[in-house]
Each structure stands twice: as structure tokens, then as C-alpha cells.
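The next block holds one structure in the form of C-alpha cells; read it before the comments.
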Amino acid sequence: MISSVYIHIPFCSNICTYCNFTKFYYNKDMVNSYLKALEKEIKERYKGDVIKTLYIGGGTPSSLNLNELESLFKIINIFKKDKNCEFTIEANPENLTIEKIKLFKKYQVTRISLGVESTNKKFLNYLGRCHDFNKVKETIKLLKENDFNNINVDLIYALKDETLEDLKEDLLNLISLDVTHISTYSLMIEDKTILGINHEKNIDEDTDFLMYDLIRNTLKEHGYRHYEVSNFAKDGYESKHNLVYWNNDYYYGFGLSAASYLPNKRITNTNNYNKYLKLEYVKEIEELTKKDILSYALILGFRKIDGINKKEFFNKYKIELDSLYNIKELIQEGKLSDNGMNIFVSYDKIYIENNILINFVGE
């Protein structure tokens, strides 16, 4: 059963210096054409499953105007949504108005993911962001006044010239917002981004580690549970949608560059706008073997701090978790831990997790 949907809205009112996602400057004509193609794709590919999590990402979905958002939500009404569906939309503080917030409420959005990234004006400018911390506080206040209490904020760290003191101030500012979820990302400079074109460099690994350690310790001290490598939540507010990915469960992806994971295959959509308008949605279909599926399950599942439940894994894949790859050896080396119920990356090894996950690729 496929119970989750991701929808990509590729439009932005501003292009950030670090962004490597499929995106375009907002253009009214392009938006209208895109939404028509999106509706056709959904009608063609959606098979009537009951949807438990729905996520609209981008790009910047909140860059659309009220009429365009209303059109998008009417398209989304095609889905049969579970009565407790977690419905998330991404937004930026500078274009999330009270009118849009009320529209989100009308169409039963339950969760907002707000692109904050930093609370320091110098670093916001470096990242190409168009808001300041006062605007963030105003936006959070508006959301809460309109009964949106399930709010994620994103934080980017490991920025050029950023100190541990700068990061600590960012963290305390975000904590002061009293939001339910914080996602943190170490800045990775990609070739085709503005920062990459300008030949900016990533910070040194030692400083990056100290920053990661500061984040997880500070957020833990203030009541946030570290439940995935980059994600922290108040109890009960973990992202249900993202857990679908990390649990290697099936999902639909609609829109430019969106990915779907369906029984025995992964489908990646085109990132070519003109092809998408011609209804040439698919760029690649990857037929999956049992070995592929198990590899994905391990790489994704070990991103969770609690790791993979052995009983659930056996019920799902009919194979013992610790019989795969070199898991027993990794446990003996202290890189993985086994508490009887779950196998997970040892807490002091989380920062170097990619060096552990590489064990489960391509064997």
C-alpha cells in the first residue's frame, strides 16, 4: 500500500546561494502551465490509495499567490486523505501572509516547515535569504494564532566564518520560538549553486564536528529528541512523512524531479520543465532486486537514532537483520550497537555515519 505523497513546486521569489534543487524564478504563466501538467500527472499515476502523509516541497510553495495556491489545493483534493493525515507545506517567512495561512487551514494543512536557515543577518545575506529574525518571530506568532502548532524550522550551519558562539546564538534563538521540530543541515557547497560558482569552500571537518556536537547537546538540553541524524523533535512531533523515507516505505512523488518508491522500483521524474509540460514526466525507472531493497532499507533505516527494529525488519523482509552484509562485524567493532530490540549506529559514531553506511552499498 502506498500511503504517502510528495509534490514538488519548483518556483521561488528568490534563488538562494546554496540551493541545488530544481527551481525557477516565480513566473505566473509558468505556474499556471505547471499546475495543469501536475494535475494530469496525478490523475494518470495516482491509484486511489488512502494517503496518510502529504508533503508539498520546493522550491518555495508559499511563493505562489492565493489563487494559485487554491488551484494547487483543489488538485490535491484528488487524493483520498486519511482523517489523521499529516499534511506539510514548506514556506518562507517573507511570503507567508495571514491570507495564505488561513488558506492552509481551510485546506487542512496540519504542519508548516519554515525556511529560517539562520537568525544572523550576516549569514542570511551569505545564504541569499530575504528575511530577518524579527520576520521569523512575526510569522511564527501568526501561525500559532491561527492554530498551527506543528511547526518545523530549518537551520543551516557550518557557514563561512561562523563560530561556535554564532551557532549557539542561532540555536537559542530558534529554541525561543518554541517550535515542535528543528531540522539542521551542514552547508554542503554544490558545483552548480551560486556559492559553488563563486568557488566557496566547505569548512574544515573538525569544526563541522564541533558544531554538530553543539547542536545535538543544546537541543537535547532544551527538550528536543534527536531522532534522525539531522532532525530533532519534541515528543510526538517527529515528521511522519520523513519517517516514511527512513523506514523504506512506499510513496508517490509528483512534479519536476520528484521521486517515487513503488513496489520493486524507483521512479525519478524529469527536471526539464518543457518535457514535463509535454507530459513526459519520467526521467528514469530503476527496477529493484531484493538486494537493492535491503540495501536501501539499511542505508535509510540506520539514519534513525533508534536504528532498525529487528522484529519489524524480519516481518517486512523475511530475513534476519544481523545476517546481512557485515552487520555482526560492525557491532563487534563498536560502529553499530544491538540492544536486543534494535540495531543502530552507536551514538558516538553518528557523525561518521556515512563511513558506516558505505558498507551497505553495492554489495
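The values are calculated or read from the model by the stated rules, or taken from the named source; none is laboratory data. Please read these numbers as outputs of a predicted model, since none were measured by experiment. Positions of Cβ are backbone-derived with ideal geometry, glycine not excepted, and every protein chain shown enters the neighbour counts.
A few comments on the model shown:
- Scan of region 197-237 for residues that are at pLDDT 95 or above, touching a Lys or Arg at 6+ places or on another chain (Cβ under 7 Å) and of a type in the set (Asp, Glu), ordered by number: Glu228, Asp235
- Candidate set: region 228-251, residues that are of a type in the set (A, V, I, L, M) and not in a helix (DSSP H, G or I); chosen: the one surrounded by the most Cβ atoms within 10 Å (Cβ to Cβ): Ala233
- When residues of region 252-287 are limited to those that are aromatic (Phe, Trp, Tyr) and within 11 Å of Ile7 (Cα to Cα), the one surrounded by the fewest Cβ atoms within 10 Å (Cβ to Cβ): Phe254
- Single unsatisfied condition, Leu35 versus (1) touching a Phe, Trp or Tyr at 6+ places or on another chain (Cβ under 9 Å); (2) at pLDDT 95 or above; (3) more than 17 Å from Ala91 (Cβ to Cβ): (1)
- Residue within region 66-84 that is in contact (Cβ under 8 Å) with a residue 60 or more places away in the chain and either in a strand (DSSP E or B) or among the acidic types (Asp, Glu) (or both) present: yes
- Evaluated against (1) closer than 30 Å to Cys85 by Cβ; (2) out of contact with any Phe, Trp or Tyr (no Cβ under 6 Å at 6 or more places or on another chain); (3) not acidic (Asp, Glu), Thr207 falls short on exactly one condition, (1).
- Exclusive hit being within 20 Å of the chain's Cα centre (by Cα) and at pLDDT 95 or above, set Lys135, Lys240, Lys144: Lys240
- So Asn271, is it in contact (Cβ under 8 Å) with a residue 12 or more places away in the chain, of a type outside the set (Gly, Ala, Ser), in a loop (DSSP other than H, G, I, E, B) and in contact with a helix residue (DSSP H, G or I) (Cβ under 6 Å, 6 or more places away or on another chain): no
- Test result for Tyr276, assigned to a helix (DSSP H, G or I), in contact (Cβ under 8 Å) with a residue 12 or more places away in the chain, under 30 Å from Lys36 (Cα atoms) and of a type outside the set (D, E, K, R): yes
- For region 66-76, the criterion of being small (Gly, Ala, Ser), farther than 20 Å from Ile267 by Cα and in contact with a helix residue (DSSP H, G or I) (Cβ under 8 Å, 6 or more places away or on another chain) is met by at least one residue.
- Screening the candidates Thr110, Thr22, Thr88, Thr53 for the property of being under 29 Å from Asn248 (Cα atoms) and modelled with pLDDT under 95 yields one hit, Thr22.
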